[in-house]
1. Can you work out the base-10 log of I(q)/I(0) for segment 2-363 at q = 0.10 1/Å, using the Debye formula on its C-alpha atoms alone?
2. When Lys and Arg each count +1 and Asp and Glu each count -1, what net charge do the other residues less than 13 Å away from residue 121, Cβ to Cβ, add up to?
3. Evaluate 2.2 N^0.38 Å with N set to the residue count of segment 1-155, then give the Cα radius of gyration divided by it.
4. Measure nothing fancy, just the Cα-based angle from helix 93-113's long axis to the longest principal axis of the chain, in degrees from 0 to 90, nearest 10.
5. With label points built 7 Å along Cα→Cβ from the Cα atoms of residue 129 and residue 157, find their separation and express it in nm.
6. Just order 176-183, 23-30, 154-161, 76-83 by mean Cβ neighbour count inside 10 Å, highest at the front, would you?
7. Show the residues, 5+ positions off or on another chain, whose built amide H is closer than 5 Å to the amide H of residue 178.
8. Segment 21-116: which trypsin sites (Lys or Arg not before Pro) are DSSP loop and have at most 10 other beta-carbon atoms within 10 angstrom?
Amino acid sequence: MRVLVTGGAGYVGAHTVLQLVEAGHEPVVVDDFSRGTTAAIARVEELTGRHVPVHAYDVADIDMLERLFDAERFDAVVHLAGVKAAHASVARPLDCYETNLTTTFTLLRCMAWYDVPRLVVSSSAAVYASGDAPSDEDAPVAPVDPLGRAHLMTEQILHDVVAAADPSLRVGILRCSTVVGAHPSGLLGDDLAGTPRGLLHAIAHVAQGRRDHLDVFGDDYPTRDGSAERDYVHVTDVAAAHVAALEALDAVDRPLSTWNIGSGRATSVLQLVGAFEAATGRTVPYRVLPRRPGDPHVISVDVSRAADELGWGARRGVGEICTDHWRWQHRHPEGYPHSATPETSWRGGVGHRLRLLQPAQSAQAGPLW
Ligand SMILES: NC(=O)c1ccc[n+]([C@@H]2O[C@H](COP(=O)([O-])OP(=O)(O)OC[C@H]3O[C@@H](n4cnc5c(N)ncnc54)[C@H](O)[C@@H]3O)[C@@H](O)[C@H]2O)c1
């Protein structure tokens, strides 16, 4: 299939593009490079030996998006462009809602105009209300921050559109838990620079000696060791889930499907610290601080539906997650080399323009190490 991947130069995006190529599909990336980088796509090209076309602009720009749909004949869309950081969505809720919702509107319009019948969208386990048992896809929803609410709104819009659309439209919603880890080659990973974002990034910062200890928020939760529990899933498994969902859409006997994507296991903060120390041989000192307001004590998802219907399951556990993350962060303490990121006219810039990165430009994406 010829697949448009929005946000394809980002963390989940680059891993998904890689696996689409490996599965014999033809991904085409559109990304505004607000976070992604062409270095990620250059590395996908290095790993696969295949050229991946990249268009640098805002998916919310419907004129440019329509030109792209007009020029290409897509069979499917994988929609990953959006805000990923919950804390940023609290600080800048309008940016979050605008990006996540507007990109969904423009995509759905173009898909309707150009008869593109398949869509896979990354949503989040953050849509669920917190509970002790792993949430299945029918569990109550009650997101606690703008990012979770934006994902839920996107899901609701998709339900309404599918209900009113041509029955040939097929939509897959992937409610992903906490995505971590990096490609085992050490070439692809989350583009993490500066202040740690996420627990594993913070743990690795301590292991690198960039901070002298880890802050653990709360050790008095009703969990196995008192620290909060989350479901950590390897990014390579998440990418595989996107490909599996795309390939399953035509066979599923309903127009819209929702699948949880996670490890199916809850891991506590202290367990993750222990797994990291065991995997890397580094010591991670920590201190315990009071709970943070709004932090649920546990988030975990039941992944049986994805196993039954997609034949998908997470293959990598926390040990492999820690090994792969450490390899990536140790080699790339400031993320990808950013000299490769093209000048773009993202939101707030002067107009929008289409840039198709030709192979020669992509190959100039900077040193790999
Ligand atoms: N990483 C996780 O733990 C996780 C968990 C659940 C859900 N998700 C969701 O998956 C999606 C991808 O997450 P990620 O971790 O790869 O994030 P990311 O920030 O690494 O990637 C998002 C990509 O989208 C691009 N982008 C943002 N706005 C755009 C726009 N308007 N037009 C074009 N490109 C745009 C960014 O430049 C970036 O390359 C997000 O919607 C996120 O909320 C992520």
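Only the coordinates and a few stated rules stand behind these numbers; no lab work does. All values derive from a computational prediction rather than experimental measurement. Here the Cβ positions follow ideal geometry from the backbone for every residue, glycine too, while neighbour counts run over all protein chains shown.
1. Each listed q corresponds, in turn, to -0.59.
2. Working: positive: 118, 170, 175; negative: 155.
That sum, taken over residues with Cβ under 13 Å, equals +2.
3. Details: Rg = 15.9 Å, N = 155, 2.2 N^0.38 = 15.0 Å.
Against the empirical 2.2 N^0.38 Å value, I get 1.07 for segment 1-155.
4. That works out to roughly 40 degrees.
5. Using points 7 Å along Cα→Cβ, the separation is 2.6 nm.
6. Working: 176-183: 24.5, 23-30: 19.9, 154-161: 17.2, 76-83: 26.1.
Answer by packing, highest mean first, reads 76-83, 176-183, 23-30, 154-161.
7. So residue 178 has HN proximity to 231, 233.
8. On the way: sites: 35, 43, 50, 67, 73, 84, 109; in loops: 35, 50, 73, 84.
Answer by residue number: 73.
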